[in-house]
Amino acid sequence: MAVTITAIITTMIITTMTSIVVTSITTATPMLMKTNRPPKPRRSRQAEASEQPTQPPGRNGLSESEAASLYRLMTWLSPSFPVGAFSYSSGIEWAVEAGDITDAASLRQWLRSTLVDGAGICDSIFLTHTHRAAAANDDATLREIAELASAFAPSRERHLETTAQGRAFIEIARAAWHHAALDRLIAACEGNFVYPVAVGVVSAAHLIPLAPTLHAFLHAVVSNWISAGARLVPLGQTDSQRVLAQLEGDVAATAKRALSAPLDDLGSATFRADLASMRHETQYTRLFRS
């Protein structure tokens, strides 16, 4: 009996020791494999970058339609596009003579008010609804919007400014970038072409999305206002660009507001700017037509 117990104990001890040894070897083996493996040489960033998979050409670029839209917007709303915008000041000339605008800060405040609460937001709403009506082939609504926009100008000179630019925009865009849909849309407006309506009609006919069209339009309008102010105050090029940079948020906010605004939201609270456009008609010395 004693011999049997001793044999059992001996067997258990041998089994336990064997298990410990095996476990130790199993655990140590990967450690040895890791520690004994020579480290990889450090590679330069240039070598690593050269082995990165290259992206196919155009993967992150513009599609053909997006490139065409961008090209046309940059052309149509560039200061070099011949709509005669440089000859109009939207009443800024009178505001400078009256002392309302005397430096970059007062010019920025005047333009911000005009953009947010005056002609800027109203023209943006007209462009938005024109674009949507033209894109939907709703000639009846388009005709009503064009007529309302033409009647919305607060003064004779302001009406001259927006209609002259609108007609020039339509004629040049149709001559250089003719589109089959343009003739029908132009006929639907019955000759009522204020500037934002003209931009809305042409961009919709060419299937250019509304949001970038609206932003480009507002940038062009604000840039022309600043150009007039820079010549009249006068201001340097750096101050002019500072004003444009400071109005960036206001342009974006005005565009966003116009995209969701119904026609019932049309209205202006910039009475001083409206008076400026009226008094400019009888101003003694004038460099601008408005």
* Scope region 141-171; condition surrounded by fewer than 17 Cβ atoms within 10 Å (Cβ to Cβ) and either closer than 18 Å to residue 281 by Cα or touching a Pro at 6+ places or on another chain (Cβ under 9 Å) (or both); matching residues -> 156, 160
* Does residue 231 fit the bill of being charged (D, E, K, R), within 13 Å of residue 97 (Cα to Cα) and assigned to a helix (DSSP H, G or I)? -> yes
* To do: Check 234, 212 and return the single one that is open to solvent by 20 Å² or more (accessible area, probe 1.4 Å) and in contact (Cβ under 8 Å) with a residue 60 or more places away in the chain.
  => 212
* To do: Under 6 Å between Cβ atoms, at least 6 apart or on separate chains: pull out the pairs that start in region 101-114 with a residue that is at pLDDT 95 or above and end on any residue that is open to solvent by 40 Å² or more (accessible area, probe 1.4 Å).
  => 104/239; 108/246
* Asked: Counting only residues that are open to solvent by less than 60 Å² (accessible area, probe 1.4 Å) and either within 19 Å of residue 250 (Cβ to Cβ) or β-branched (Val, Ile, Thr) (or both), how many does region 71-125 have?
  -> 27
* Asked: Among the numbered criteria (1) in contact (Cβ under 8 Å) with a residue 40 or more places away in the chain; (2) open to solvent by less than 30 Å² (accessible area, probe 1.4 Å), which single criterion is violated by residue 182?
  -> (1)
* Asked: Is one or more of the residues making up region 253-269 at pLDDT below 95 and of a type in the set (Ser, Thr, Tyr)?
  -> yes
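For (1) in contact with a Gly (Cβ under 9 Å, 6 or more places away or on another chain); (2) closer than 28 Å to residue 107 by Cα; (3) of a type in the set (Asp, Glu), each residue gets a yes or a no:
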| position | (1), (2), (3) |
| --- | --- |
| 151 | no, yes, no |
| 165 | yes, yes, no |
| 183 | no, no, yes |
| 186 | no, no, no |
| 194 | yes, yes, no |
| 233 | no, yes, no |
* Could you tell me whether residue 182 is modelled with pLDDT under 95 and assigned to a helix (DSSP H, G or I)? => yes
* Structure fact -> Filter region 185-217 for residues that are more than 18 Å from residue 74 (Cβ to Cβ) and not in a helix (DSSP H, G or I); the one that is nearest to the chain's Cα centre (by Cα) is 194
* Structure fact -> Taking region 252-284 and keeping only residues that are part of a helix (DSSP H, G or I), over 22 Å from residue 216 (Cα atoms) and open to solvent by less than 50 Å² (accessible area, probe 1.4 Å), one is left with 273, 274, 276, 277, 280
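Can you give me the number of residues within region 95-105 that are out of contact with any helix residue (DSSP H, G or I) (no Cβ under 6 Å at 6 or more places or on another chain), in a helix (DSSP H, G or I) and within 19 Å of residue 280 (Cα to Cα)?
Of the residues in region 95-105, 2 are out of contact with any helix residue (DSSP H, G or I) (no Cβ under 6 Å at 6 or more places or on another chain), in a helix (DSSP H, G or I) and within 19 Å of residue 280 (Cα to Cα).
The values are calculated or read from the model by the stated rules, or taken from the named source; none is laboratory data. None of the values given here were measured: they were computed from a predicted structure. Glycine gets a Cβ as well: all are built from the backbone with ideal geometry, and neighbour counts include every protein chain shown. We work out accessible area using only protein heavy atoms, side chains counted, and drop any ligands, DNA or RNA first. Shrake-Rupley method; radii C 1.70, N 1.55, O 1.52, S 1.80 Å.
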